[in-house]
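Data first, discussion second: the structure below is written as structure tokens.
The values are calculated or read from the model by the stated rules, or taken from the named source; none is laboratory data. None of these values were measured; they are calculated from a predicted model. With ideal geometry, Cβ positions are generated from the backbone for all residues, glycine too; neighbour counts draw on all protein chains shown. Note: areas computed on protein heavy atoms with side chains; ligands, DNA, RNA excluded. Shrake-Rupley method; radii C 1.70, N 1.55, O 1.52, S 1.80 Å.
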Amino acid sequence: MAHLPAERCLAIIELLADGARDMPLGEIAERLALPKSGAHRLLATLVDIGWAEKDPSTNFYRLTMRLAILGQQYYVATGIPDICQPLLDRLAKACGEFARLAVVDGHSLVWVAHAQGAIAGLIYQPSLTTNTVPLHATASGKAWLATLPTDQAMQMVMKNGGLRNPDQYGPNVVRSVEALLRELKATARRGYGLALSEAEFGVTAIAAAIRSRGEGAALGTVSIAGPGARMTEKRVQQLAPLVLQSAADLSNLWPLRRAGVNGHQRSAVQNAYADAR
């Protein structure tokens with residue numbers, strides 16, 4: 001099929017982007033189940049058009065900065081830095097923990113922005129190396145999945161790798177579909193996702209879905225996370241309303257971004273919103 005070379009080129013880009021690693025031809029071919037000759041042709045094409053480069057001393061391949069530059073251009077164009085980031089900064093300051101924004105991207109949830117609110121003592125920084133949210137292991141993933149019909153939620157989980165490799169997560173990560181379904185029902189009842197030492201050992205997180213105009217399909221999630229020693233059950237109950245309010249605030253502003261308002265309009269909206277608060 002005509003589209004297969006494009007799909008395989010994208011698969012190579014995704015592989016090289018994971019950890020920003022240099023990789024030899026043989027490993028790339030093996031990881032993607034491609035013949036060496038085919039992988040070599042695709043890599044040569046990516047080198048020719050400037051997406052990849054070959055280290056002359058090792059013959060290993062790596063991405064150029066073109067993907068990062070393109071991603072940054074797109075990120076700025078979305079309006080997240082000037083509309084969503086200030087709200088995220090305010091949430092982090094209010095709760096004194098690590099706040100994060102994720103957006104729905106097809107069948108995945110992807111972290112796109114964060115803010116650190118902790119300034120002393122235990123300071124949490126994520127150890128996960130990917131921006132793709134592990135749906136079954138995180139408060140953000142559960143918050144999104146809980147907005148979907150059960151069958152669709154399970155499809156999303158399976159498309160993102162299912163419940164494999166539980167040992168790479170925290171000790172309390174769900175290990176069965178039945179346990180995950182129970183978690184999603186509990187999430188829907190309380191209105192926010194909760195993860196206790198699940199994605200990472202000793203970390204507690206709370207997340208709420210950002211929904212189109214407050215009631216429509218989920219557009220993403222907003223979350224806070226911190227050391228479990230500080231994020232006790234009592235503190236989770238205290239912080240949950242902050243997360244829910246931030247999700248509501250982002251829901252109200254999100255249509256402005258999707259409608260393509262210009263920078264001057266964004267600043268005006270942002271200032272008016274800050275004054276109103």
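What the table shows:
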{"quantity": "Single residue of the stretch 168-209 satisfying the filter (in a helix (DSSP H, G or I) and of a type in the set (Lys, Arg)) that is farthest from Asp249 (Cα to Cα)", "calculated": "Arg182"}
{"quantity": "Selection from the stretch 37-66 of residues that are within 27 Å of the chain's Cα centre (by Cα) and either of a type in the set (Val, Ile, Thr) or crowded, with 16+ Cβ neighbours inside 10 Å (or both)", "calculated": "Leu46, Trp51, Ala52, Tyr61, Leu63, Thr64"}
{"quantity": "Every residue from the stretch 17-53 that is under 23 Å from Ile69 (Cα atoms), hydrophobic (A, V, I, L, M, F, W, C) and part of a helix (DSSP H, G or I)", "calculated": "Ala17, Leu42, Leu43, Ala44, Leu46, Val47"}
{"quantity": "Contacts under 6 angstrom Cβ, first residue in the stretch 110-132 being touching a residue at least 12 places away in the same chain (Cβ under 8 Å), partner of a type in the set (S, T, N, Q) and open to solvent by 70 Å² or more (accessible area, probe 1.4 Å), 6 or more apart", "calculated": "Val110/Asn131; Trp111/Asn131"}
{"quantity": "Matching option when the condition is open to solvent by 80 Å² or more (accessible area, probe 1.4 Å), more than 22 Å from Gln237 (Cα to Cα), free of Cβ contacts under 8 Å to residues at least 60 places away in the same chain and not aliphatic (A, V, I, L, M), among Gln152, Gln168", "calculated": "Gln168"}
{"quantity": "Criterion (without any contact (Cβ under 8 Å) to a residue 24 or more places away in the chain, touching a Ser or Thr at 6+ places or on another chain (Cβ under 9 Å) and open to solvent by 20 Å² or more (accessible area, probe 1.4 Å)) met by exactly one of Arg182, Arg235, Arg175, Arg211", "calculated": "Arg235"}
{"quantity": "Residue within the stretch 79-88 that is assigned to a loop (DSSP other than H, G, I, E, B) and at positive phi present", "calculated": "yes"}
{"quantity": "Which listed residue, of Gly226, Gly216, Gly191, is at positive phi and either open to solvent by 10 Å² or more (accessible area, probe 1.4 Å) or touching a residue at least 60 places away in the same chain (Cβ under 8 Å) (or both)", "calculated": "Gly191"}
{"quantity": "Leading residue by the ranking (most open to solvent (accessible area, probe 1.4 Å)) among those in the stretch 83-109 that are closer than 18 Å to Gly161 by Cα and without any contact (Cβ under 8 Å) to a residue 40 or more places away in the chain", "calculated": "Asp105"}
{"quantity": "Whichever residue in the stretch 152-161 is of a type outside the set (S, T, N, Q) and over 9 Å from Leu135 (Cα atoms) and, among such residues, is modelled with the lowest pLDDT", "calculated": "Gly161"}
{"quantity": "Residue match in the stretch 9-16 (condition: charged (D, E, K, R), modelled with pLDDT under 90, open to solvent by 40 Å² or more (accessible area, probe 1.4 Å) and outside any helix (DSSP H, G or I))", "calculated": "no"}
